[in-house]
Amino acid sequence: MSWRKLMEMKLLQMLNSDLGERKKWKKKIGEGRCYVGDGGWKKKGAFCCAHTVLEMNYTEQQLTAAVVSHELRPVLATEDLGIPSRLLSMINKCWDGNPNNRPTFDEIVKELDLILEHCKLKKEEDIYVRPVNLHVDQPVDNTEHLQAYQESFSWSTRGEHLTATSANNSDLITTCEFYDKPSVYHPILSWGSYATCGRREAMEDTHFILPRICDEKDVYAFGIFDGHRGAAAAEFSSRAVPAVLQTSGFMGSPANALVEAFIRTDAAFRKELDSYRKSNRCIQKDWHPGCTAIAALIVRNKIFVANVGDCRAIICRAGNPISLSKDHVASCPQERERVIRQGGHVHWQVDTWRVGLPALQVTRSIGDDDLKPAVTAEPEITENTLCPDDEFLVMASDGLWDVISSTEVINIIKDTVKEPGMCSKRLATEAVERGSKDNITVIVVFLRPVSTAERIY
C-alpha cells in the first residue's frame with residue numbers, strides 16, 4: 001500500500017471519529033500546556049516515528065517518568081519519508097512550546113480537509129503546498145530557531161581541539177608524577193551514568209567519564225556540566241576539561257590541575273565564542289552561554305572535587321552522606337559579597353537573589369562572558385581521603401538535587417540493584433517523577449566491590 005493511500009485512510013479515520021464528545025484539551029506532560037484532545041494524540045501517534053502513550057494507567061508524574069526512562073518522547077517523521085510538508089508543518093504547530101501558537105481544533109480539522117483534498121488531486125511526489133499561517137496575529141518568535149542554528153556549530157569538537165593545543169605545549173608534563181608513596185587503602189571502582197532532558201525540550205547537560213587518566217590505573221576523572229543560555233559552554237567544557245587534565249600531568253598537585261583545567265577551559269571557550277560571534281555564522285550576536293561544572297579526580301586513595309555553580313557531589317560513608325561541594329549561588333551571603341566586590345550587580349528577583357541583567361542564580365560558571373569577572377570560573381576545591389567505610393560517590397546536576405535530598409539519594413541507591421548505571425537511571429527517573437523541571441545528569445561510582453546479587457534476609 002502506498003504512503004498516500006495509508007495517509008488517506010488515517011486521515012479519514014481521524015476525521016470520522018467522534019471527536020466532538022472528547023475533551024478538547026489535555027495538559028502537556030510536565031509543561032502545564034495544552035494539546036488538542038484525544039484526536040490530537042492520535043494524529044501525533046500516526047505521524048510520529050515513536051508512540052506517545054498507549055492505554056496505560058499512569059498518573060501525570062508517573063507518565064512523565066515513563067516517557068523519560070523508556071524513551072517514549074515522540075520524534076516527528078521528516079519529508080524524506082514522503083510525508084507532505086504541509087502536514088508536517090501542521091503537526092509541528094500542534095507541538096509548539098507556546099500554547100497560544102497552537103492551532104484550535106477547528107483549524108486542525110480544516111487544515112486536514114485541505115491536505116486530504118490535495119492528496120486526492122496530486123501524486124505524492126508533486127505535493128507542495130505552502131503552509132497556511134493559522135495565527136496571523138501572533139508575533140513570530142525566532143528564539144528557538146536562532147538557538148538551534150547556533151547550537152548546530154560543533155562546540156564539542158572545538159573543546160576537543162584544546163587537546164591538540166595542550167599537547168603541543170612543551171612545558172607540560174605528560175605523566176602523573178604525584179603521590180608516589182603507596183597508599184594503605186586502594187578503592188576498587190565501578191561506575192555508570194544516566195542523562196535525560198527530563199521535562200525540558202532541549203538537553204543542555206553534558207558529562208564525561210575518564211578512567212585511567214595519564215595511563216595510570218589508579219587515577220580516574222568524572223565531570224558534569226549543566227548549561228544555561230544554550231548548551232554551547234557545556235558541550236565545549238565536557239571535551240576541554242578532560243583534555244587539559246590528560247595533558248597537564250597535574251603539574252604538582254591534582255588540586256592545581258583541576259583549577260587550571262577550569263580556568264583554561266573558560267578562557268578558551270570565551271575566546272572561541274568571541275570569534276564565533278564575529279563570524280557570519282552567528283545570527284544573534286548578543287549571546288552569552290555558560291555552564292556550571294563539577295569534576296572529581298580520584299588519585300589512589302584521595303578524591304579531589306572542583307565545583308563552580310550548583311552541581312553537587314556526595315560520598316556515602318558508613319551509610320551517611322558527606323558533601324564534597326557547596327553551591328555557589330547568589331542566595332549565599334559570602335558569594336553575594338564576592339560578586340559585588342568584583343564589580344557585579346546582585347538584585348532580588350521573583351524569589352531569590354540573582355546576578356546581573358541575565359538574572360543568573362549561580363555566582364560561578366564557565367562562560368557567561370557578559371558577567372565576568374564577577375561570575376568567576378575559579379572552582380572551589382575539596383580534598384578527602386577515602387577509607388573502607390566509603391561506599392559510593394554520587395555526582396549530579398541540580399535537576400536531581402532540587403527534588404531529592406542527599407539522604408534520600410543514599411537510601412534509593414541502597415534499595416537498588418548495585419549496578420551503577422541502573423542506580424543512576426533510577427535516581428534520574430525518581431527526580432522526574434517528583435516534578436524536577438530541569439535536565440538531569442547522574443554519575444554513580446561504587447568505591448568498593450559490589451554484586452548485583454544481595455542477601456535480603
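Each reported figure results from applying straightforward, stated rules to the coordinates on display, with no laboratory input. As the structure is a computational prediction, the values presented were derived from the model and not from experiment. We place every Cβ from the backbone using ideal geometry, glycine too, and count neighbours over all the protein chains shown.
With respect to the cross-link table entries Lys217/Lys302; Lys326/Lys418; Lys217/Lys425; Lys271/Lys372, which display a Cα-Cα separation exceeding 23 Å?
Lys326/Lys418; Lys217/Lys425
Find which of Ile340, Thr352, Pro388 sits farthest along the positive direction of the dipole of region 336-391, computed with +1 on the beta-carbon of Lys and Arg, -1 on that of Asp and Glu, about the Cα centre.
Of the candidates, Ile340 comes out farthest on the positive side.
Over the Cα atoms of region 208-342, what radius of gyration and what Dmax do you get, in Å?
Values for region 208-342 (Cα only, Rg and Dmax): 16.5, 56 Å.
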